[in-house]
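The values are calculated or read from the model by the stated rules, or taken from the named source; none is laboratory data. Predicted model only: the values in this text are computed from it and were never measured. No Cβ is skipped: glycine too gets one built from the backbone with ideal geometry, and neighbour counts run over all protein chains shown. Please note that ligands, DNA and RNA were not included when accessible areas were found on the heavy atoms of the full protein model with its side chains. Shrake-Rupley method; radii C 1.70, N 1.55, O 1.52, S 1.80 Å.
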Amino acid sequence: MKLLVVLVRDADLQDWPAIWPFMRNIAAAGETFSWDRDISEQRARERWFREPPGRTVVAVDGGAVLGSAVSGPNHEGPAGHVATASFMVDPAHAGRGVGRALGQHVLAQARADGFRAMQFNAVVETNTRAVALWQSLGMEIVATLPQAFHHPQHGYVGLHVMYQLL
């Protein structure tokens, strides 16, 4: 397996044509992401490229986009100091450090932006690789919503809320 040299950088709309194919497949699979399985390209792009203070980044190796993340405030006003993030890694590059690079970057950026905590709202409990990765980066499972996600193979499974003080 080729060693990846992963660089995480700010994304722009020119990255979209490389993001959309794996994003569409991940959403359509319905196993790890809580979007409509038939989400339109326009709706996905709108959700992924948020207005500031939202941030979108891509993980790249050379010119290839390997994954992407979006982050920003989880709420507004008195709860606006807690960030949230979502991640998608091209399955062709899974298990090669792309998710870890994105996670480390997003957590460091949230600290630099002055957020006091990071909260992941919906980590599917059967996505054990993601759960283990986020735990290795200091995220804790603070709650599990029983049967909150309808998995195509496992039926109704829990969604973890994961949290970390920054």
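Quick notes
- Check on Ala101, under 23 Å from His154 (Cβ atoms), assigned to a helix (DSSP H, G or I) and at pLDDT 95 or above: no
- Conditions (1) hydroxyl-bearing (Ser, Thr, Tyr); (2) touching a His at 6+ places or on another chain (Cβ under 9 Å); (3) not in a strand (DSSP E or B); number of the one not met by Ser34: (2)
- Of the residues screened, Val5 is not one that is outside any loop (DSSP other than H, G, I, E, B) and not small (Gly, Ala, Ser).
- Matching residues in region 111-120 - criterion: being in contact (Cβ under 8 Å) with a residue 12 or more places away in the chain and out of contact with any His (no Cβ under 8 Å at 6 or more places or on another chain): Arg111, Asp113, Met118, Gln119
- Test set (1) open to solvent by 40 Å² or more (accessible area, probe 1.4 Å); (2) touching an Asp or Glu at 6+ places or on another chain (Cβ under 6 Å) - Leu166 fails condition number: (2)
- Selected residue [part of a helix (DSSP H, G or I) and surrounded by 18 or more Cβ atoms within 10 Å (Cβ to Cβ)] from Ala108, Ala69, Ala85, Ala130: Ala130
- Subset of region 8-25 that is in a helix (DSSP H, G or I) and closer than 22 Å to Leu107 by Cβ - its residue that is nearest to the chain's Cα centre (by Cα): Met23
- Members of region 9-34 found to be open to solvent by 30 Å² or more (accessible area, probe 1.4 Å) and among the hydrophobic types (A, V, I, L, M, F, W, C), listed by number: Leu13, Ala18, Ala28, Ala29
- Restricting Val123, Val157, Val142 to residues that are open to solvent by 50 Å² or more (accessible area, probe 1.4 Å), of a type outside the set (Phe, Trp, Tyr), in a strand (DSSP E or B) and free of Cβ contacts under 8 Å to residues at least 40 places away in the same chain narrows the list to Val142.
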